[in-house]
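Structure record follows, encoded as structure tokens.
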Amino acid sequence: MKPFTDPAYAGIATFLRAPASAPDDLREGDIAIAGIPFDTTCGSRQGARFGPRGIREGSLHFVYQMDALNKGDKTMINAVTGETVRFPFRDAVRDLGDFTVYPADVERTSASVRDGVEEIVLKGAFPVLLGGDHYVTFPAVEGFERAWKKKKAAPKLGYIHIDSHLDLSDDTEAWGRLYHGSTARRVSELECFSPSNMVWIGASGGFVSRDRWDFLQNSGTVQFSMADIESLGVGEVVRRAAAIASAGCDSVYVTIDIDVVDHAFAPGTGSYVYGGITSFQFLQLMDALRTVPAGAVDLVEVAPPLDPTGTTSRLAATGLIRFLLPRLSGR
């Protein structure tokens, strides 16, 4: 008898209905989903603490579409790209739940995230992290770096920052040095990350302070703004970014802030800037990111309370699924 497939709104909401697992269950090559429900350092509208749950729920429509609504050989074809997807996916996804967070304690939360990411990487799994505000990327990168230092002497790591903001604040009176606007600046200070292997994609119409702009211009980093995306196309921008971030590196960390998508398409985020990419361009970008030799990815700043329709959560989940499809199908 064929097992019943729950509708998207029913059942246990793990990412893609993956088994709820513990780190000890991870195997080499697994995709390890982990949430970081923390938004204490968000300088504008909070709500990203609900992001991990929202993204998980947003992924369930895809499972239902692939399983319950698709008859025959369980093959579906992307109507734009012609890509073929077969369901069920290989048994490779493990949902580890959420890392422990301490809403009033940035340092303890950071330690929890560092330890969690390090453990995933050392087990040979691929971390897919669901934020949370964009600060959580920094301790995640620290854990990623710490694992690589145990795997290899003097590793070199690259970094791709996809965001409408630069997140290059050094220190602020209200938020200090650890908040969601300082993430990339803190990453640039880590031992294994050279600014020459750090790339920004998607900065749009927002203004930045002189010190942040000077850092971007003078440190050896590379930025592809919305103007570059419009002139070169998403695919070419990602191709160039991948080449820069991976040059001479052992692995690349990719972070994606959902506010890179224009507010008209992704209203459920706290710090939106007008003039971002469309939802179609976002999916193109997530497809293109498959070519990056990534060792970890996160998607942050999804704030479901700010979008009661669920559009932003589903867009984020769809983008992650598009990025992961080759890994899910073993290609």
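None of the figures in this text is laboratory data; all of them are computed from the coordinates on show. Just so it is clear, the structure is predicted and the values come from calculations on it, not from any experiment. Ideal geometry is used to build each Cβ from the backbone, glycine not excepted, and the neighbour counts take in all protein chains shown.
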Under 21 Å between C-alpha atoms, the lysine pairs in region 15-328 lying 8 or more places apart or on different chains count 5
Dipole magnitude of the chain about its Cα centre, charges +1 at Lys/Arg Cβ and -1 at Asp/Glu Cβ only, in debye to the nearest 20? 1000 debye
Quote the convex hull volume per residue of region 242-281, based on C-alpha atoms, as a whole number of Å³. 92 Å³
Rounding to the nearest 20 debye, state how big the charge dipole of region 109-193 is about its Cα centre with +1 on each Lys and Arg Cβ and -1 on each Asp and Glu Cβ. 560 debye
Per residue of region 47-64, in order, report the coupling 6.51 cos²θ - 1.76 cosθ + 1.60 (Karplus, θ = phi - 60°) as ³J(HN,Hα) in whole Hz, putting x for Gly and Pro. x, 5, 5, 8, x, x, 5, x, 5, 4, 5, x, 7, 6, 4, 5, 4, 5
Long-range tail of P(r) for region 1-47 (Cα pairs > 17 Å, %): 59 percent
How would you classify region 217-331 from its alpha-carbon gyration tensor, with a ≥ b ≥ c the square roots of the eigenvalues: rounded for a/c under 1.5, else prolate if a/b is greater than b/c, otherwise oblate? oblate
Rounded to the nearest 10 degrees, what's the angle between the helix 311-328 long axis and the longest principal axis of the chain, both from Cα atoms, 0 to 90? 80 degrees
Taking R0 as 51 Å and r as the Cβ-Cβ distance between residue 27 and residue 170, the FRET efficiency 1/(1 + (r/R0)^6), rounded to the nearest 0.05, comes to 0.80
Relative contact order for the chain, counting Cα pairs under 8 Å that sit 6 or more residues apart, in percent: 22 percent
Ranked highest first by the average count of other Cβ atoms within 10 Å around their residues, in what order do 130-138, 315-323, 157-165 fall? 130-138, 157-165, 315-323
Roughly what % of Cα-Cα distances in the chain sit above 23 Å, to the whole percent? 55 percent
Provide Rg and Dmax in Å for region 22-66, with only Cα atoms included in the calculation. 14.3, 39
Pick from 22, 296, 48: which residue has the top mean-square fluctuation in a GNM of the chain where Cα pairs under 10 Å get a spring? 22
Simple spin-label estimate for residue 80/residue 311, 7 Å along Cα→Cβ, in nm, reads 1.6 nm
Spacing of the two label points (7 Å from each Cα toward its C-beta) at residue 219 and residue 247, in nm: 1.7 nm
